[in-house]
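**Q** Dropping the structure in here first, questions after.
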Amino acid sequence: MLIKQLSVFLDNSPGRLNAATKVLSEAGINMRALTLADTSDFGVLRVIVDKPDEAMSILRSHNFAAKMTEVLVVEMEDTPGGLTKILDILEEGGINIEYMYAFVGSKPRKALMIFRVNKPDVAIALLKSKEVRLFSTEEDIEEFIHVYW
């Protein structure tokens, strides 16, 4: 129930983000979700793509520093309190959230939240026990994005 996510480390300079995304687009790789964080010296692009192994290879062949990690992708209500419901479950299990980001698709009143947590197996068991939908493949995310288009 974990999804592969790429973390790409980028110099904090004009055009570097564009260069990374251009390499992916020219290879026919589609980005499904992303977030960009920065420090004074570099940025970290975290991205979920439709072909993670191929994307990793392409990025590295173009001299981008990148690594692959696994994250939880959770469907939640896109309503006030939707996130709180998920966070309550994770807190109950003593799960620490290292980072998270979200996106919406075309499914009404639903959103996807991506979590990097310290105990993914415990988090998965807890969320499943509360009947929270977890995504396990990039194809599941594709279906979520396009379910009503």
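The values are calculated or read from the model by the stated rules, or taken from the named source; none is laboratory data. From a predicted model like this one, the values you see are computed outputs, not experimental measurements. Cβ atoms come from the backbone with ideal geometry, glycine included; neighbour counts cover every protein chain shown.
**Q** Give the range 35-68 a look and list any residue that's over 21 Å from Phe115 (Cα atoms) and of a type in the set (Ser, Thr, Tyr), or say none.
**A** If the condition is that a residue be over 21 Å from Phe115 (Cα atoms) and of a type in the set (Ser, Thr, Tyr), then Ser40, Ser57, Ser61 are the ones that fit.
**Q** Next up: Out of Val73, Val117, Val47, Val104, I need the residue that is within 13 Å of Ser7 (Cα to Cα) and within 17 Å of the chain's Cα centre (by Cα). Which one?
**A** So the residue among Val73, Val117, Val47, Val104 that is within 13 Å of Ser7 (Cα to Cα) and within 17 Å of the chain's Cα centre (by Cα) is Val47.
**Q** Within the group Ile86, Ile48, which residue is on the phi < 0 side of the Ramachandran plot, modelled with pLDDT of 95 or more and of a type in the set (A, V, I, L, M)?
**A** When all the criteria are applied, what remains is Ile86.
**Q** Let me ask another. Just to be sure, is Asn118 farther than 25 Å from Ala19 by Cα and either in contact with an Asp or Glu (Cβ under 8 Å, 6 or more places away or on another chain) or of a type in the set (Val, Ile, Thr) (or both)?
**A** In short, yes.
**Q** For Lys67, are the conditions met, namely being touching a residue at least 60 places away in the same chain (Cβ under 8 Å) and either at negative phi or of a type outside the set (Ser, Thr, Tyr) (or both)?
**A** Criteria met by Lys67.
**Q** Could you tell me whether Leu112 is out of contact with any Ser or Thr (no Cβ under 7 Å at 6 or more places or on another chain), free of Cβ contacts under 8 Å to residues at least 60 places away in the same chain and crowded, with 17+ Cβ neighbours inside 10 Å?
**A** no
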